[in-house]
Amino acid sequence: MPDAPGLELIRGEIEQSHPGAVLDTGFEHGQAALVVDPAKILAVLGWLREASGQEYDFLSSLHVADYLPATPRFGVHYELINRDRVERLRVKAMLNDPAQGGNGSADAGAPAGPSLSFPAGSEAEQLPIIDSCVELFPTANFQEREAYDFFGIVFRGHPDLTRILLPEDYVGWPQRRDFPIGGEPVTFTYSERRYG
Amino acid sequence: MAEVVERQSEVMTINIGPHHPATHGVLRLVVDLDGEVVRDLRPVIGYVHTGIEKSCEDKSYWKVIPFVERMDYVSYFFQMEAFCGAVERLVELEIPPRAKYLRTIFLELNRIHSHLVWLGTTALDLGAISMLWYCFRDRDRILDLFEMATGQRMHTRYFQVGGVIEDIPLGFEAKLREFIDEMPVRVGQYEALLDRNEVFLSRTKGVGIVPRERLLELGVTGPLLRAAGEPWDLRKAFNHLAYPEVEFKVPVGTVGDNYDRYRVRLAEMVESVRIIEQALDGLPEGPFIADDRKYVLPPRSELSTSMESLIHHFKLVTEGYRVDPGEIYYAIESPRGELGCYVLADGSSKPARVHVRDPSFVNLQAFREMSVGGYVADMIASLGMLDPILGGVDR
């Protein structure tokens with residue numbers, strides 16, 4: 001892991017090539033994290049992967065956390081590894097929830113995201129948007145679909161952004177903190193329609 | 001005059017699963033077949049999604065342990081270690097040396113157990129039925145050991161935040177030594193059975209090759225990656241538990257075909273035996289769980305004599321301990337690759353988010369490239385060699 005000064009050095013170098021891309025750094029429990037402007041996430045991830053001396057070329061995990069009372073609300077986490085130096089680096093992009101007002105997506109000026117077929121009844125729902133990193137890290141394919149499935153985060157440019165673990169016709173984003181636990185009735189609608 | 005018949009080829013899309021013995025769980029495959037050749041393939045998952053990650057948000061930290069165990073139901077000790085290790089790092093709780101060694105022993109036993117399940121079922125897919133019985137015979141001995149130490153054969157809830165729940169019982173060491181003396185011989189027997197088997201060799205050699213660079217792009221870890229020649233093992237890379245203090249090798253393959261995957265896993269079983277042997281020899285004396293009453297239950301004997309212990313016990317069991325806000329990602333090397341656990345704490349006694357980066361879930365992305373262009377029978381073999389556990393994939 002880069003230590004706290006090492007993290008600041010990385011931040012300084014990113015500042016030179018991508019001014020304003022790094023919003024903050026964090027160092028807790030021995031783990032280094034860069035908080036990155038979601039609009040520049042691909043530039044930073046690409047730089048971390050390519051720049052000599054960095055070469056964080058293995059994305060071990062992509063996951064999302066919902067920090068509900070806080071704004072921005074969603075954090076997309078990229079756990080990067082440099083396998084030669086055996087170093088981990090976490091890149092975080094914080095996204096606002098556009099449904100609660102405020103500047104939600106990476107750029108608010110863009111139309112409401114890519115042409116996605118949302119589940120019925122949520123056509124007008126505004127979802128947070130971030131660029132997909134599948135081009136940079138093909139491993140993100142399933143993991144971005146999982147993040148979309150459970151948090152409703154739209155990854156712009158993802159080749160096949162559909163629900164992966166939940167049924168295609170599921171409504172809602174169950175891993176969000178304001179989604180209640182339990183109480184979902186088990187329905188056998190398929191049999192009902194077919195056999196009455 | 002015989003009429004010349006043009007060979008006609010038509011791509012047919014067929015569905016395999018979700019309930020099919022060869023898919024090793026509830027996995028559905030939508031396969032485009034041209035005759036017997038796989039042209040395209042799409043795994044459809046989610047049939048055993050149980051919302052464990054969501055349920056964990058409603059449980060105090062110590063109650064989460066049995067939940068995460070049930071994700072990847074073959075390597076339950078690893079799930080426990082990923083979660084407990086993450087929480088220990090969040091609360092900065094040091095575990096005693098004996099607990100580290102005990103955890104290492106049980107993790108490696110679990111690795112052998114997991115590889116035995118893999119070997120038995122995969123060899124069964126390739127027609128070697130007797131392998132299933134041999135492997136499950138040895139697996140049962142491991143389950144007996146688990147039962148002896150923890151009371152349960154599967155889903156043992158043995159690891160706790162701070163250490164392990166109980167010391168190993170009298171007679172366990174002798175029984176374990178008997179097992180690890182015998183296991184390398186058994187592995188040799190399995191090798192002898194399969195390595196001279198013409199059918200097995202022709203079904204595995206040169207099948208399912210994905211280049212090393214592509215595997216890295218796809219985020220594949222574990223024996224699959226090592227079989228392609230990349231010596232990446234988190235046990236060596238990141239120091240945790242007793243791994244820095246024991247000596248073991250990281251087996252790697254050369255070609256990255258199904259045969260290499262089989263060889264790597266067999267060699268790993270022998271290395272796991274070596275780790276257990278060294279950990280057992282060097283097992284330090286001392287407490288098996290940390291002595292921090294804010295996180296660890298007081299010994300039962302104190303409850304009837306110490307009011308303070310009783311209060312601690314009551315607080316820990318009813319509310320649980322609170323964890324200061326923070327987040328952690330802790331990854332270990334499971335039998336299938338990098339098993340990471342992300343825990344977000346918000347200051348309450350329940351985690352705000354528990355996410356498990358399951359190696360089966362990520363590795364499954366390589367399945368299409370392992371199978372396309374080959375025969376449908378080889379696809380089944382490749383799936384076995386991929387070794388996904390669908391409980392872990394769907395969580």
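Rule-based calculations on the coordinates, nothing more; no lab input. These numbers come from a predicted model, not from an experiment. Quick reminder, even Gly has a Cβ in these numbers, built from the backbone with ideal geometry, and neighbours come from all protein chains shown.
Structural remarks
- Cβ-based net charge around B:D346, under 12 Å, with every Lys or Arg adding one and every Asp or Glu removing one: 0
- When peptides B:175-188, A:67-80 are ranked by their average number of other Cβ atoms within 10 Å per residue, the highest-first order is A:67-80, B:175-188.
- Segment B:265-352: proportion of alpha-carbon pairs further apart than 18 angstrom, %: 68 percent
- Principal-axis tilt of helix B:172-195 within chain B, Cα atoms, nearest 10 degrees: 10 degrees
- Spin-label pair B:K294/A:L9, simplified geometry with 7 Å Cα→Cβ offset, distance in nm: 3.5 nm
- Helix B:97-125 vs. chain B, principal-axis angle (Cα, 0 to 90°, nearest 10): 20 degrees
- For B:V372 and A:A70, the FRET efficiency from 1/(1 + (r/R0)^6), where r spans their Cβ atoms and R0 equals 41 Å, is about 0.40.
- Rounded FRET efficiency, nearest 0.05, which uses the C-beta distance separating A:Y195 from B:V4 and R0 of 60 Å: 0.70
- Radius, Kirkwood style, for segment B:14-74 when every pair of distinct Cα atoms is counted (Å): 13.9 Å
- Backbone N within segment B:183-210 under 13 Å of label point (7 Å from B:E36 Cα along the Cβ vector): B:203
- Averaged over A:82-90, number of beta-carbon atoms from partner chains that fall within 10 Å: 2
- Under 16 Å from a label point set 7 Å out along the Cα-to-Cβ vector of B:M148, the amide N atoms of segment B:274-303 belong to B:276-277, B:280-281.
- With the simple spin-label model, which puts each label point 7 Å out from Cα in the Cβ direction, the B:V317 to B:D58 separation comes to 2.3 nm.
- The mean number of Cβ atoms from other chains found within 10 Å of a Cβ in peptide A:129-138 is 1, as a whole number.
- Debye-formula intensities of segment B:111-270, expressed as log10 I(q)/I(0) at q = 0.18 Å⁻¹, are -1.24 (one equal scatterer per alpha-carbon, no solvent).
- Size descriptors for chain B: radius of gyration and Dmax over Cα atoms are 22.8, 103 Å.
- Stretching B:D281 away from B:A174 to a fully extended chain increases their span by 37.3 nm, per 0.36 nm per residue minus the current alpha-carbon distance.
- Principal axis extents of the C-alpha atoms in segment B:1-122 (largest first, rounded to whole Å): 87, 32, 21.
- Proximal charge balance of B:R203 [Cβ under 10 Å; K/R count +1, D/E count -1]: -2
- Counting charges near A:G46 (Lys, Arg +1; Asp, Glu -1) among other residues having Cβ under 13 Å from its Cβ returns a value of -3.
- For the protein assembly as shown, the direction-averaged projected area of the alpha-carbon convex hull comes to 33.5 nm².
- Put the Cα centre of segment B:173-241 next to the Cα centre of segment B:349-375 and the gap is 19 Å.
- Modelled FRET efficiency - R0 60 Å, A:E50 with B:Y73, Cβ distances, 0.05 increments: 0.90
- Model label points for B:H20 and B:T305, set 7 angstrom from Cα along the Cα-to-Cβ axis, are 6.3 nm apart.
- Tilt relative to chain B, helix B:258-281 - C-alpha long axis, 0 to 90 degrees, to 10: 20 degrees
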